[in-house]
Amino acid sequence: MIHLTTDETGAPQAPEGKFPLGHTVATPGAIATVPKDEMQAALFRHHHGDWGDVCQNDRLENERSLHDGSRLLSVFHTKAGTKFYIITEHDRSVTTVLLPEEY
């Protein structure tokens, strides 16, 4: 896994967003498959409550999770069509970018 809490200049990311991301990491498959700029854009969207391509039930569950402290899940696709997940754990200690087969 790789730690992703800095932007391209090495500056720390601003903590603004709907919830804390905690440590932000990516699995080897995500690192090899998802372009860095697309990963960063998806992380920004996830952090600000844009859950990507989740179904309506998961979208509603995420909105409830913002208030009750449950896990948050977003689903995105790269421009090349590769599906990937972003999951923030219930305690907001870590956010992981991963491919479905790495789940």
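Since every read-out is calculated from the coordinates, none of them should be taken as a lab result. None of these values were measured; they are calculated from a predicted model. Cβ placement follows ideal geometry from the backbone for every residue including glycine, while neighbour counts extend to all protein chains displayed.
Quick notes on this structure:
- Cut-off under 5 Å, modelled amide H: who pairs with Thr24 long-range: Leu4, Thr5, Thr95
- The chain: calculated mean residue ellipticity at 222 nm from DSSP helix runs of at least 4, using -39500 (n - 2.57): -9000 deg cm²/dmol
- Summing charges over neighbours of Arg45, with a neighbour being any other residue whose Cβ is under 12 Å away from its Cβ, gives -2 when K and R count +1 and D and E count -1.
- Looking at the chain, the DSSP beta bridges with both ends there are about 70 percent antiparallel.
- Distance from the range 70-103 to the range 44-64 (C-alpha centre basis), Å: 11
- The charge dipole of the chain, taken about its Cα centre with unit charges on the Cβ atoms of Lys, Arg (+1), Asp and Glu (-1) only, comes to about 60 debye.
- Karplus 3J(HN,Hα) series, Hz, for the range 85-98 with 6.51 cos²θ - 1.76 cosθ + 1.60 (x for Gly, Pro): 10, 10, 10, 9, 5, 4, 8, 6, 7, 8, 10, 10, 9, 8
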